[in-house]
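Below is one structure, written out as structure tokens; comments come after it.
Please treat every number below as a calculation from the coordinates, not as lab data. What you see is a predicted model; the values in this text were computed from it and never measured. Don't worry about glycine lacking a Cβ; one is built from the backbone with ideal geometry, like all the others, and counts go over all protein chains shown.
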Amino acid sequence: MISGPASVRLCDGALLVIGKKFVRNEGFIVKKGRALPVEVLEDSAIEAKLGPDARIDQFDEVIPKNWRSAADAILDSPRPTKALIIGDVDSGKTTFAVYLSNMAFDRGVKAAVIDADPGQGEISLPTTIGYGLLNEGVTSMDKIQLKTAFFVGSTSPSDAPTRVVVGARRLVDMALSNGAELLTINTCGWIYGRRAREFKTSLIQSISPEYLVVIQRSSEAENLVKAWGSMSGTEILRISTSPASRLRSREERKEKREAAYRKYFAESKERVFDLESVALMYSYYTYGKPLPLPLLEELQKKVGLSLIYGELGDVFLFLVGCEEPDQVKIDKLREITSIEEIVLIKRGFEKGILVGLLDLRGNFLGLGALSHIDYVKRQVGVITPVDKEVGAIQIGQVKLDENWREVCKLPPFPI
């Protein structure tokens, strides 16, 4: 087991790194905070450059026997085959997904991977889930080339479980239509509680995998797969956690996401979109009728607010003011209008909210961050590297600052 940061070159012999074969003069990198299981196929010599805290540990077995038997069972089944991986946080789900995909690629099987974790995904960007096809063996999932993604809008599936289920199903269909023979679906580590059980049950039912791969230390994931034990069509494969798995802190996870934002937005520029031709999704704004100026002024006088814009929807009132929202005033608005769902935001609140950009056919183009909204002129400014024609802007639930650091998480439909 080689723990990074490390740079390794094979001087002689042959190795398997998470199922990918390396021969003489080939090399690989182990990132900081990661560990790679390396199997020695024959007498070998390596040159390793180790950074701070890096090390090499010897084990009798770095790939559990039940990983091999699970991979063989999946790869020996009729194709196309879908394998959905379930397990706790940092249990080795991603490592097994890479291992299985490498074993498939080595056998000449067209392998695709769906990374359905919007918070700690490797293939696509934070707040999205994505899929890619293997063009070669890989030592980490981020080496798999992204084919397309689906915008979830949050880094936590618990904030938008329906979007994850819908997005995963869409990505499965796309991968199968592109000829994938093995489709590995890597899921998030949300496994505890009623809502997690409901989410995973919906995900399994939506995808209908031939195999459920359950990675667990004891029996922590049994509540998620219990119902499938008595059904045909989906086989449950229980395997051990990875010896390469390492628990990461919440701060480490956040730092990883922020590094991805900085890299992605490095070459961005501002684009201004006219909302007469570009739609907003997951918002209150533009989904009601603009309040006439006399009515807006009347509300200002009655509640003591300085308002610049308002919309009345079917069951909501959306207002933009010049000061921070005041719960007392929101309650007074509710009393005056008899409308329960009132959204009051301060002008400029929208700055930094992550958004997803779609093309005219609803396909994901990339991420952006709101720079400003002119509510009266109905124009939206977005910082993004995307330069293609945009058909819709999906409003997310994560706000970033000017250095691409996560500031806060917002409720659904924040504007």
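Measuring r between the beta carbons of residue 55 and residue 25 and using R0 = 30 Å, the FRET efficiency lands at 0.80.
Amide H contacts of residue 309: 320, each under 5 Å away and 5 or more positions distant or on a separate chain (H built 1.01 Å from N in the peptide plane; Pro and chain starts excluded).
Modelled spin labels at residue 246 and residue 327, positioned 7 Å past Cα toward Cβ, are 4.3 nm from each other. Taking the number of Cβ atoms within 10 Å of each Cβ as an exposure proxy, the fewest-first ranking of 106, 43 is 43, 106. Using the Cβ-Cβ distance between residue 197 and residue 255 with R0 = 25 Å, the FRET efficiency computed as 1/(1 + (r/R0)^6) comes to roughly 0.25. Using +1 at the C-beta of Lys and Arg and -1 at the C-beta of Asp and Glu, which of 123, 192, 177 has the Cα lying farthest in the positive direction of the dipole of region 65-248? Final value for the positive-end residue is 192.
In order along region 163-169, phi translates into HN-Hα couplings of 5, 5, 4, 4, x, 4, 5 Hz, rounded to whole numbers, per the Karplus curve 6.51 cos²θ - 1.76 cosθ + 1.60 with θ = phi - 60° and x for Gly and Pro. Compute the distance in nm between two label points, each set 7 Å from the Cα along the Cα-to-Cβ direction, one at residue 178 and one at residue 388. About 1.2 nm separates the two model spin labels.
Net charge dipole, the chain: roughly 100 debye, given to the nearest 20, about the Cα centre with Cβ charges of +1 for Lys and Arg and -1 for Asp and Glu.
Determine the sum of side-chain charges near residue 8: Lys and Arg each +1, Asp and Glu each -1, restricted to other residues whose C-beta is under 11 angstrom from that of residue 8. Here the charged neighbours net out to 0.
With θ taken as phi - 60° and the Karplus curve 6.51 cos²θ - 1.76 cosθ + 1.60 applied, the whole-hertz 3J(HN,Hα) list for region 264-273 is 5, 8, 4, 10, 7, 8, 7, 10, 10, 10 Hz, x standing for glycine and proline. Nearest 10 degrees, 0 to 90: what angle lies between the long axis of helix 194-207 and the longest principal axis of the chain (Cα atoms)? The angle comes out at about 70 degrees.
Take each peptide in 86-92, 288-294, 315-321, count the other Cβ atoms within 10 Å of every residue, and average; sorted highest first, the result is 86-92, 315-321, 288-294. Shape summary: region 65-248 maps onto an equivalent ellipsoid whose semi-axes, from the alpha-carbon gyration tensor, are 21, 19, 16 Å in decreasing order.
Given that just one value was derived from the coordinates, which of (1) 1.04; (2) 1.00; (3) 0.96 is Rg/Rh (Cα atoms, Kirkwood Rh)? Here Rg/Rh (Cα atoms, Kirkwood Rh) agrees with entry (1). Residue-wise HN-Hα couplings along region 176-190, as the Karplus relation 6.51 cos²θ - 1.76 cosθ + 1.60 with θ = phi - 60° gives them from phi, are 5, 5, 8, x, 4, 9, 10, 10, 9, 10, 8, 10, 7, x, 7 Hz; Gly and Pro carry x.
Once each part is reduced to its C-alpha centroid, what is the distance from region 255-310 to region 100-155 in angstrom? Cα centres, region 255-310 to region 100-155: 33 Å.
Relative contact order for region 13-107: 34 percent, from Cα pairs under 8 Å spaced at least 6 residues apart, divided by residue count. Extending 7 Å from the Cα toward the beta-carbon at both residue 11 and residue 69 defines two label points whose distance is 3.9 nm. Taking each residue as 0.36 nm, the span from residue 401 to residue 339 lengthens on full extension beyond its C-alpha to C-alpha distance by 19.0 nm.
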